[in-house]
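Engineer: Dropping the structure in here first, questions after.
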Amino acid sequence: MAFLDGAVCNFLAVKECEKRLAEKGFEKLDPADEWVVKPGGRYYITKNDSAIFAWVQGTGDAAAGWRIISAHSDSPGFRIKPHAEMLSKEGVLQLNTEVYGGPILYTWFDRPLSIAGRVVLRNPEDALKPLVKIIKFDQPLLTIPHLAIHFNRQVNEGNKLSRQKDMIPVMAILDKQANVDNYLLKMVAEKADVAPGEILDFDLTLYDTTPACLVGPNQEMISSGRLDDLSMVHASLSALMEACDTPCEQTRVMAIFDNEETGSGTKQGAASPVLCNLLQRLNMANGGSEETFVRAIDRSFMISADNAHAIHPNYPEKHDPTNHPVLGGGPVVKINANCKYMTDAVSAGIYKEICRKADVPVQEFVNHSDSAGGSTLGNILTSQIDLRGVDMGAAMWAMHSCRETASPLDHQLITRSFHQFYIL
């Protein structure tokens, strides 16, 4: 829950990972430098400040292969547009925003919201390498007020929302004649401890300031924003740090991509060659060749960790009649006949055997045949690298809501299975 509360956007998710990796002795490498990696060495790189790739270098030769767990740092929500200030004639200051990904819009109403993200600063020494600061406003700064039921008596019978009209947050109540030019920019500059003129641009996100919490008489549920997919980021990070003292011939990799919620089509997304490039560099740094790289890929395995849907007690008819995971039932293997996931019988069997060795129960998810399912990291990555692998995740409710619900027991079980994978 501390990780979730700190990782309120993709940039801060990477910062939280970096902090924990550094405490465990991982060394940050610069992709622009020449690398010297040692057997058993602990390293990581970042991409775009919003994706992170950490690994423990294997003790085997270049053809030994990799054990990879992938997840993603982003979650659906709202990004602040440039020139965002809008002052009504009544003196209400709003911020113009753009919807990111596919959030459940009405779950964002009437919540205490704040701002976090990346600020890009002028570098007087090199215009091609601007400076970056990651910021987070801790206090609530905004809210998206819902229209009262008295003005829309049919609101509970279906309420079509406009992203441009209904979802614009309120930030302040000012004098009607107030000058709001650069109002947000001045706040951001003060938070970043820089002059407004030093700011070239920003990537800023809204987030719900309500902390993660446990729910239920036996604390059997966890409620939080961004469980999809930061719970899997945390599980893979925890497993890698726990396993890094155990020697292994294969190199163990944690690959956290960005922009999965918008199709992964960025330089830091799973549809880019970023992971393939990393593995090729590690192959060469270990004295390998094109031949050893192909052999290493064939010996490798990946767990694509992105959350799954638990059967909803109010809507059981939405789920497959025989494959419907439950909260607290263990990790979920995701299966699709039309190859929306990378799972096949072999890869599912491998992960199930890993779970058996770790004494972890396994569930399976298949879409109701009348419902189309989405895709995730696994099958996107296989367009870049012909890896064996399985798509899996934790069962949860209300995926893409401002607050999602999952099971802390599942989180423990999944982390245990990831650790088993890394130490096999």
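Engineer: Using beta carbons and a limit of 8 Å, which pairs, at least six apart or on different chains, have the first residue in the range 381-407 and assigned to a loop (DSSP other than H, G, I, E, B) and the second one at pLDDT 95 or above and among the basic types (Lys, Arg)?
Structural biologist: Close Cβ pairs (under 8 Å, with a partner that is at pLDDT 95 or above and among the basic types (Lys, Arg)) amount to CYS402/ARG111.
Engineer: Now for a separate question. Going by the conditions given, is ILE335 surrounded by 14 or more Cβ atoms within 10 Å (Cβ to Cβ), closer than 20 Å to HIS411 by Cβ and not basic (Lys, Arg)?
Structural biologist: On the way: surrounded by 14 or more Cβ atoms within 10 Å (Cβ to Cβ): yes; closer than 20 Å to HIS411 by Cβ: no; not basic (Lys, Arg): yes.
For ILE335, the condition - surrounded by 14 or more Cβ atoms within 10 Å (Cβ to Cβ), closer than 20 Å to HIS411 by Cβ and not basic (Lys, Arg) - is not met.
Engineer: Turning to a different aspect of this structure: Since ASN283 meets every condition but one in (1) crowded, with 19+ Cβ neighbours inside 10 Å; (2) under 18 Å from ALA398 (Cβ atoms), which condition does it not meet?
Structural biologist: It is condition (2) that ASN283 fails.
Engineer: Also, quick follow-up: Can you confirm whether the range 260-269 contains a residue that is surrounded by fewer than 24 Cβ atoms within 10 Å (Cβ to Cβ), small (Gly, Ala, Ser) and free of Cβ contacts under 8 Å to residues at least 12 places away in the same chain?
Structural biologist: Checked the range 260-269: at least one residue is surrounded by fewer than 24 Cβ atoms within 10 Å (Cβ to Cβ), small (Gly, Ala, Ser) and free of Cβ contacts under 8 Å to residues at least 12 places away in the same chain.
Engineer: Looking only at the range 233-276, which residues are closer than 21 Å to GLY393 by Cα, in contact with a strand residue (DSSP E or B) (Cβ under 7 Å, 6 or more places away or on another chain) and part of a loop (DSSP other than H, G, I, E, B)?
Structural biologist: The answer is ASP258, SER264, GLY269, ALA270.
Engineer: When you scan the range 101-116, do you find a residue that is of a type outside the set (Gly, Ala, Ser), closer than 26 Å to GLY197 by Cα and in contact with a Pro (Cβ under 7 Å, 6 or more places away or on another chain), even just one? Please lay out each step first, then the result.
Structural biologist: Filtering the range 101-116 for residues of a type outside the set (Gly, Ala, Ser) gives 103-113, 115.
Subsequent filtering for residues that are closer than 26 Å to GLY197 by Cα retains 115.
Checking the rest, the ones that are also in contact with a Pro (Cβ under 7 Å, 6 or more places away or on another chain) come to none.
Among the residues of the range 101-116, not one is of a type outside the set (Gly, Ala, Ser), closer than 26 Å to GLY197 by Cα and in contact with a Pro (Cβ under 7 Å, 6 or more places away or on another chain), which makes the answer no.
Engineer: May I pose another question? Would it be correct to say that GLN219 is farther than 30 Å from HIS419 by Cα, in a loop (DSSP other than H, G, I, E, B) and open to solvent by 80 Å² or more (accessible area, probe 1.4 Å)?
Structural biologist: Details: farther than 30 Å from HIS419 by Cα: no; in a loop (DSSP other than H, G, I, E, B): yes; open to solvent by 80 Å² or more (accessible area, probe 1.4 Å): yes.
Answer is no for this residue.
Engineer: Please give the strands (runs of 3 or more DSSP E) falling wholly within the range 1-72 in which 2 or more residues are within 22 Å of the chain's Cα centre (by Cα), free of Cβ contacts under 8 Å to residues at least 60 places away in the same chain and crowded, with 19+ Cβ neighbours inside 10 Å. Before you say what the answer is, go through the steps one by one.
Structural biologist: On the way: elements: 42-47, 51-56, 66-72.
The strands (runs of 3 or more DSSP E) meeting that bar are 42-47.
Engineer: Report whether or not ILE80 is open to solvent by less than 20 Å² (accessible area, probe 1.4 Å) and closer than 24 Å to GLY378 by Cα. So that I can check it myself, show each step before the final result.
Structural biologist: Values: open to solvent by less than 20 Å² (accessible area, probe 1.4 Å): yes; closer than 24 Å to GLY378 by Cα: no.
So ILE80 does not fit the description; no.
Engineer: Quick check on ILE134: is it open to solvent by less than 60 Å² (accessible area, probe 1.4 Å), in contact with a helix residue (DSSP H, G or I) (Cβ under 6 Å, 6 or more places away or on another chain) and not small (Gly, Ala, Ser)? I'd like the intermediate steps shown before the answer.
Structural biologist: Values: open to solvent by less than 60 Å² (accessible area, probe 1.4 Å): yes; in contact with a helix residue (DSSP H, G or I) (Cβ under 6 Å, 6 or more places away or on another chain): yes; not small (Gly, Ala, Ser): yes.
The answer is yes for ILE134.
Engineer: Is there any pair linking a residue in the range 204-216 that is open to solvent by 30 Å² or more (accessible area, probe 1.4 Å) to one that is at pLDDT 95 or above, with Cβ under 6 Å and at least six apart or on different chains, and which?
Structural biologist: Listed pairs, sorted by first residue: THR209/PRO112; THR209/SER114; THR209/PRO140; PRO211/ASP5; CYS213/SER223; LEU214/ILE222; VAL215/MET221; VAL215/SER223.
Engineer: Output the residues belonging to the range 331-363 that are of a type in the set (Ser, Thr, Tyr) and either touching a residue at least 60 places away in the same chain (Cβ under 8 Å) or under 14 Å from SER375 (Cα atoms) (or both). Lay out the reasoning, then the answer.
Structural biologist: Within the range 331-363, the first condition is being of a type in the set (Ser, Thr, Tyr), and the residues that meet it are 341, 343, 347, 351.
Once the filter is applied, which keeps residues that are of a type in the set (Ser, Thr, Tyr) and either touching a residue at least 60 places away in the same chain (Cβ under 8 Å) or under 14 Å from SER375 (Cα atoms) (or both), the range 331-363 yields TYR341, THR343, TYR351.
Engineer: So which residues in the range 304-325 are open to solvent by 80 Å² or more (accessible area, probe 1.4 Å) and not in a loop (DSSP other than H, G, I, E, B)?
Structural biologist: Within the range 304-325, the subset open to solvent by 80 Å² or more (accessible area, probe 1.4 Å) is 313-315, 317-318, 321-322.
GLU317, LYS318 - these are the residues of the range 304-325 that are open to solvent by 80 Å² or more (accessible area, probe 1.4 Å) and not in a loop (DSSP other than H, G, I, E, B).
Engineer: I've got another one for you. For the range 115-135, state whether one or more residues are closer than 16 Å to CYS9 by Cβ and small (Gly, Ala, Ser).
Structural biologist: Just the residues of the range 115-135 that are closer than 16 Å to CYS9 by Cβ, to begin with: 115-120, 132-135.
Cutting the leftovers down to small (Gly, Ala, Ser) gives us 116-117.
Yes, some residue in the range 115-135 is closer than 16 Å to CYS9 by Cβ and small (Gly, Ala, Ser).
The values are calculated or read from the model by the stated rules, or taken from the named source; none is laboratory data. Fair warning: this is a prediction, and the values are worked out from it, not measured in the lab. Note that we place each Cβ from the backbone using ideal geometry, even for glycine, and neighbour counts take in every protein chain shown. Accessible surface areas use protein heavy atoms only, side chains included; no ligands, DNA or RNA. Shrake-Rupley method; radii C 1.70, N 1.55, O 1.52, S 1.80 Å.
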